[in-house]
Amino acid sequence: MAKIGVFDSGYGGLTILDSIRRVLPEYDYLYLGDNARAPYGTHSFEVIYRYTLQAVNFLFEQGCTLVILACNTASAKALRTIQQHDLPRIKDKKVNVLGVIRPTVESVPSITKTGHVGILATPATVSSESYVLELEKIANELRVTQLACPMWVPLIEAGEHNSPGADYFVDKYLRAILDQDPLIDTLVLGCTHYPLLLKKIESFLQNYAITKSQTHRITPISQGSLVASSLAEYLVRHPEYASQLSLNGSCRYLTTENADRFSQSASLFLSAPVFAEHIDL
Ligand code: DGL
């Protein structure tokens, strides 16, 4: 029987895993964080693709038939090449890889009222233009502004996201994107790490609305529940995958970094005990 693999460069994918397990608690999961090589968001296409493919192949070898790239950077840079080039070469097993960008984009048109949308993401995701292109396909009347936030992932990977120092960078990037387009009412957190900064983001947005006497409310969009319901629908549409999955409600955590360090941080992020294992890719 097969498991569902959930992959991220580090801790960010835990925000997706958590939501998926709330919606689909019955399945068995294998989480892999490539913490030793995070952040991915400042790497080139070649490096992100190579690292992501290594992780996906590893998860297939461990018995996963479906792998969720719980990482926008990997979804933006590597997903299409893996789907078109690498998956067709796997002959003996039916496997698939799914990303997080499409389910996120699909939620945007029904949330925005001003039609002005902001995308906050890693430098690699922003330069891929994936969000802009995907939004154009489904709602080309929207005005989309993107901003790379290169300091947010390193702060989270270092466990500094609740520190006063993080306020400076939350303030800096949010102010920058809202100055570029003051009519933005929908802010996509286009990196799975960013929900770990959500409290600080919400508190900035509240104060900003007051100081600017804003008439519209700004909604930050986290991806967890969107990806979870999209996976649930996928499994209904693809019973050939659903019927292969084992149903013990378990989750194993793997990291390419130190297992104790991962366990400690992941337990904090998930508010539940995590016992991770170290692996090499
Ligand atoms: N969580 C990844 C994402 O969604 C983080 C990227 C990184 O490692 O820079 O893009």
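What follows draws every value from the coordinates through simple rules; no lab data is involved. Bear in mind that the values here come from a model prediction, so they are computed numbers and not experimental data. Glycine also receives a Cβ, built like all others from the backbone with ideal geometry; neighbour counts cover every protein chain displayed.
Data table
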quantity	calculated
Rounded FRET efficiency, nearest 0.05, which uses the C-beta distance separating Asp280 from Gln84 and R0 of 22 Å	0.20
Glu106 paired with Lys199, simple spin-label distance in nm, labels 7 Å along Cα-to-beta-carbon	3.3
Computed log₁₀ I(q)/I(0) - Debye formula, equal Cα scatterers, no solvent, the chain, q 0.10, 0.12, 0.14 Å⁻¹	-0.50, -0.72, -0.98
Cβ-derived FRET efficiency at R0 22 Å, Glu26 paired with Ala272, nearest 0.05	0.80
Most mobile listed residue (Ala55, Ala36, Ala74) in the chain, GNM with C-alpha springs under 10 Å	Ala36
Most mobile of Ala166, Ala124, Ala78 in a GNM of the chain (Cα contacts under 10 Å)	Ala166
Label zone at Thr219 (point 7 Å along Cα-to-Cβ), backbone N below 18 Å, segment 169-200	183-191, 195, 198-199
Relative contact order computed over the chain (Cα-Cα under 8 Å; 6+ residues apart), in percent	27
Segment 50-123: relative contact order in percent, alpha carbon pairs under 8 Å with at least 6 residues between	34
Shape call, segment 140-281: gyration tensor on alpha carbons, a/c limit 1.5	oblate
FRET efficiency, Arg143 to Lys113 (Cβ-Cβ, R0 22 Å, nearest 0.05)	0.95
Highest average packing first - 100-111, 264-275, 176-187, Cβ atoms within 10 Å	100-111, 176-187, 264-275
Coil-residue trypsin sites (Lys or Arg not before Pro) of segment 59-95, DSSP, other Cβ within 10 Å capped at 16	Lys91, Lys93, Lys94
